[in-house]
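Asker: Here it is, the structure in full.
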Ligand code: CMC
């Protein structure tokens with residue numbers, strides 16, 4: 001028996017099988033040889049919601065959920081947040097290495113070249129009602145960009161991919177700011193390429209009549225750090241969507257729109273907005289214990305708590321707490337912080353949460369910072385999407401260049417009727433046709 005082999009005995013037939021183990025994993029397709037008869041399809045694995053299935057090999061992001069470790073391309077998230085800018089980290093995630101001075105300058109210049117939106121895209125945005133949710137506007141606008149850049153369909157050309165990747169990363173802040181200003185009927189502000197990525201975003205969001213918008217450097221850096229923390233998170237729901245849609249060779253714009261749609265759900269990126277609604281509902285520190293009891297009794301969830309992979313403190317939540325302190329030196333304390341801290345304190349001491357290893361995740365504190373900075377809650381998930389586009393596109397490119405990948409197409413266990421035959425409508429059970 002080989003050392004890196006898994007021995008299996010099929011008790012139905014008494015036959016024995018050896019399946020190779022690589023990286024602690026067996027290939028599901030290797031189980032197909034296990035059959036009860038020659039016309040049997042062969043053994044499958046059943047894994048709803050992918051609890052224990054690796055869908056790809058990836059060199060981008062490493063997570064050890066038990067130890068609370070997150071690394072991009074091998075670099076600890078803490079070091080990247082402390083020492084790098086968001087665009088530097090974006091370069092790392094996309095290219096595998098941190099850039100040199102020259103590479104970084106070229107990359108920044110490339111992104112800046114693509115920050116403007118085609119004027120027709122502005123008209124497209126005009127079609128939304130004033131109170132449209134920005135996430136719906138973002139998803140639709142990204143999808144609409146596929147009509148502006150039809151050449152993006154040539155996904156096999158690396159140079160073409162590079163251009164579309166830069167375009168998408170560059171245009172996300174512009175679309176976001178336009179969605180925000182549309183709500184208030186404020187004129188759209190064109191990008192100012194003298195400014196850094198985050199300063200320019202703040203400029204497009206909040207510039208009024210001043211000749212030159214000057215961002216507060218502490219807030220601009222805090223936003224940059226938040227973008228770094230959200231840039232990638234391996235095979236989460238939206239990234240899996242990006243890979244699945246991209247595997248059909250759809251263009252990157254519609255694939256990113258699909259990934260953003262997945263992000264919008266309250267169990268994923270939509271949780272940051274829900275956290276704020278939850279804190280509003282709780283109202284004050286005194287009500288926290290009763291709210292936690294309600295959750296334990298099965299009424300709703302603590303939004304911003306729990307994670308499929310982290311069974312320890314989410315390392316991003318720790319950095320976010322530190323960032324919050326910096327932001328509050330400028331903005332003053334967000335009163336909701338007190339409620340959030342009390343919620344965390346009570347939950348972390350409670351048997352229900354301890355037993356299930358439920359800790360605050362990235363979304364728990366991010367909304368409180370965003371709100372203190374002046375962002376409305378309905379924009380929070382859009383703020384998650386701006387940096388996550390980097391991860392989606394890196395994972396998309398990795399998928400396209402992986403010779404093992406094909407169109408994503410899972411199997412199912414059919415649970416419906418066996419074959420049956422159509423009866424005329426007046427003979428069907430319960431039919432009233434022809435009845436007096
Ligand atoms: N509050 C209360 N109970 C919870 C929570 C929560 N936030 N999360 C999980 N549980 C319970 C769950 O009810 C289950 O209990 P039991 O074993 O008695 O049935 C147990 O913990 C295991 O949970 P699960 O639903 O099997 O875990 P999952 O891996 O399928 O779900 C999750 C992960 C993130 C969807 C879930 O924890 C959740 O809904 N959290 C709240 C929403 C949230 O904050 N989402 C953001 C995730 S992090 C950033 C991102 O991905 O965007």
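Asker: For residue 333 and residue 415, FRET efficiency with R0 = 45 Å and r from the beta-carbon atoms, rounded to 0.05?
Answerer: With R0 = 45 Å, the Cβ-Cβ based efficiency is 0.25.
Asker: Rounded, prolate or oblate: which fits the range 39-176 when a ≥ b ≥ c are the square roots of the eigenvalues of the alpha-carbon gyration tensor, with rounded for a/c under 1.5 and prolate only if a/b beats b/c?
Answerer: Taking the square roots of the gyration eigenvalues as a ≥ b ≥ c, the range 39-176 is oblate.
Asker: With a point put 7 Å past each Cα toward its Cβ, work out how far residue 280 is from residue 208 in nm, to one decimal.
Answerer: Modelled inter-label distance: 2.3 nm.
Asker: So if I take the alpha carbon set of the chain, get Rg, then get Rh from the Kirkwood formula, what is the Rg over Rh ratio?
Answerer: Computed over Cα atoms, the ratio is 1.03.
Asker: Can you compute the radius of gyration and Dmax for the range 150-209, using only the Cα atoms, both in Å?
Answerer: Rg and Dmax of the range 150-209, Cα atoms, are 14.2, 45 Å.
Asker: Continuing with this model, one more query. Would you mind putting 291-298, 333-340, 273-280 in packing order, based on average other-beta-carbon counts within 10 Å, highest first?
Answerer: Values: 291-298: 14.5, 333-340: 18.6, 273-280: 21.8.
Sorting 291-298, 333-340, 273-280 by mean packing, highest first, produces 273-280, 333-340, 291-298.
Asker: Another question, then. Return the distance in nm (one decimal) between the two label points of a simple spin-label model at residue 350 and residue 290, each offset 7 Å from Cα along Cα→Cβ.
Answerer: With each label point 7 Å from Cα toward Cβ, the separation is 1.4 nm.
Asker: Starting from the Cα of residue 4, move 7 Å in the Cα-to-Cβ direction to define the label point; list residues of the range 203-237 whose amide nitrogen is under 12 Å from there.
Answerer: Counting backbone N atoms under 12 Å from the label point, the list is empty.
Asker: Please check which bits of the range 372-397 a label hung off residue 301 would reach, taking the label as a point 7 Å along Cα-to-C-beta and the cut-off as backbone N under 17 Å.
Answerer: Those under the cut-off are 381.
Asker: Still on this structure, please answer the following. Could you tell me the calculated FRET efficiency between residue 427 and residue 406, based on Cβ-Cβ distance and R0 = 51 angstrom, to the nearest 0.05? Each step should come with its number before you reach the end.
Answerer: Details: r = 45 Å, r/R0 = 0.88.
Given R0 = 51 Å and the Cβ-Cβ separation, E is 0.70.
Asker: Output the 0 to 90 degree angle, nearest 10, between the alpha-carbon long axis of helix 315-331 and the longest principal axis computed from the alpha carbons of the chain.
Answerer: Roughly 20 degrees, rounded to the nearest 10.
Asker: Something else about it: How high is the relative contact order of the chain? Use alpha-carbon pairs under 8 Å, at least six apart in sequence, and give a whole percent.
Answerer: Relative contact order here is 18 percent.
Asker: Still on this model: Given a Förster distance of 25 angstrom, what is the FRET efficiency for residue 46 paired with residue 17, based on the Cβ-Cβ distance and rounded to 0.05?
Answerer: It comes to 0.85.
Asker: Based on the mean of other beta carbon atoms within 10 Å per residue, what is the order of 364-377, 221-234, 415-428, 159-172, most packed first?
Answerer: 221-234, 364-377, 159-172, 415-428
Asker: Sticking with this structure for a sec: Can you give the relative contact order of the range 182-329 as a percent, counting alpha carbon pairs under 8 Å and 6+ residues apart?
Answerer: Relative contact order of the range 182-329: 18 percent.
Asker: May I pose another question? Taking a ≥ b ≥ c as the square roots of the eigenvalues of the Cα gyration tensor of the range 1-58, is the shape rounded (a/c under 1.5), prolate (a/b larger than b/c) or oblate?
Answerer: Oblate is the answer for the range 1-58, as a/c is 1.5 or above yet b/c matches or exceeds a/b.
Asker: On to the next question. Once you place label points 7 Å from the Cα toward the Cβ at residue 101 and residue 53, how far apart are they in nm?
Answerer: 5.0
Only the coordinates and a few stated rules stand behind these numbers; no lab work does. The model shown is predicted, which means the values in this text are computed figures rather than measured ones. Using ideal geometry, Cβ is built from the backbone for each residue, glycine included, and neighbour counts are taken over all protein chains shown.
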